[in-house]
Structures are given as C-alpha cells and as structure tokens.
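Okay, so here's the structure we're looking at.
The values are calculated or read from the model by the stated rules, or taken from the named source; none is laboratory data. Treat the numbers as computed from the prediction; the structure is a model and nothing was measured. All Cβ positions, even for glycine, are placed from backbone atoms using ideal geometry, and neighbour counts span all protein chains on display.
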Amino acid sequence: MANFTEDQLIQLKTALEKRYLALKDEVNNELSRARATRDPEQDVYADNSPDDLDTALIDRQINEMRELEMSMEYLNELEFGDCIDCGGEIGFERLLAQPSAQRCIECQSKYEKAFPQEANPSL
Ligand SMILES: [Zn+2]
C-alpha cells in the first residue's frame, strides 16, 4: 500500500464518500426527473425506447460508483492507493482530485490509448 498518513487517509475517505453520495444523488435525480417528465400518453409508442432517461449518463455514474465502492473496500484492506496495473503509487493529490482513480497517471494514459471509447464516452 502507498504510504499515506492517518490524516491523508481520512481526507481520502471523506473525498470517496462525498463523491459517492454526489453520484447517488445525481442518479436518483435523473431517475425521478425521467419519471416526472414521462408522458403517459406516449408510453404506448415509447415502449422500446424508455422516455428520455439518460441511460448512458447513468451507466457512467453507476460504473464510477462501483469503482468508488471498490476503492472504499481497498481503503479498509490497506491496499488502497496502489495502481491496479503496475502496483505503483497512484498519488495522494490524484486520488483526492479523482477518488475513483485506480491507475497511476502513466498507466491511465496507456489505458486510455488502448481503450479510447471507454475512456471518452461519446455524448
Ligand atoms: Zn501504474
């Protein structure tokens, strides 16, 4: 595990939880917005394309929530902060800015080159 101080761990844990709750809120808001704006009369036609729910957005948010859950588990198992590809340190600043980060910057840029669609989902 990367060498974090107690204080840094607390900050990272807080950042993870905050991000997680924010995402949860966003997903809930998106779901209730889609439900609220649904026109019952159009449901007959919209059966195969459910209302205007932004499923791509929700998919991304749920994916990030899963990553955050994993990170929160790692945090307890003291494996937190290590790059899943090279095993090196991800870095405190990077984790604080992006709590779901699972790779160091180097491996992340390699990963994004290898999987450009996944890293930059088209909007
Ligand atoms: Zn790495």
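Observations, loosely collected:
Listed here are the residues, each with its yes/no results for (1) in contact with a Ser or Thr (Cβ under 9 Å, 6 or more places away or on another chain); (2) over 30 Å from N29 (Cα atoms).
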| position | (1), (2) |
| --- | --- |
| E64 | yes, no |
| Y74 | no, no |
| A97 | no, no |
| Q102 | yes, no |
| E106 | no, yes |
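- Looking across segment 1-27, just one residue is modelled with pLDDT of 80 or more, polar (S, T, N, Q) and exposed (fewer than 10 other Cβ atoms within 10 Å of the Cβ), and that is T5.
- The sole residue among C86, C107 that is surrounded by 14 or more Cβ atoms within 10 Å (Cβ to Cβ) and more than 22 Å from K18 (Cα to Cα) is C107.
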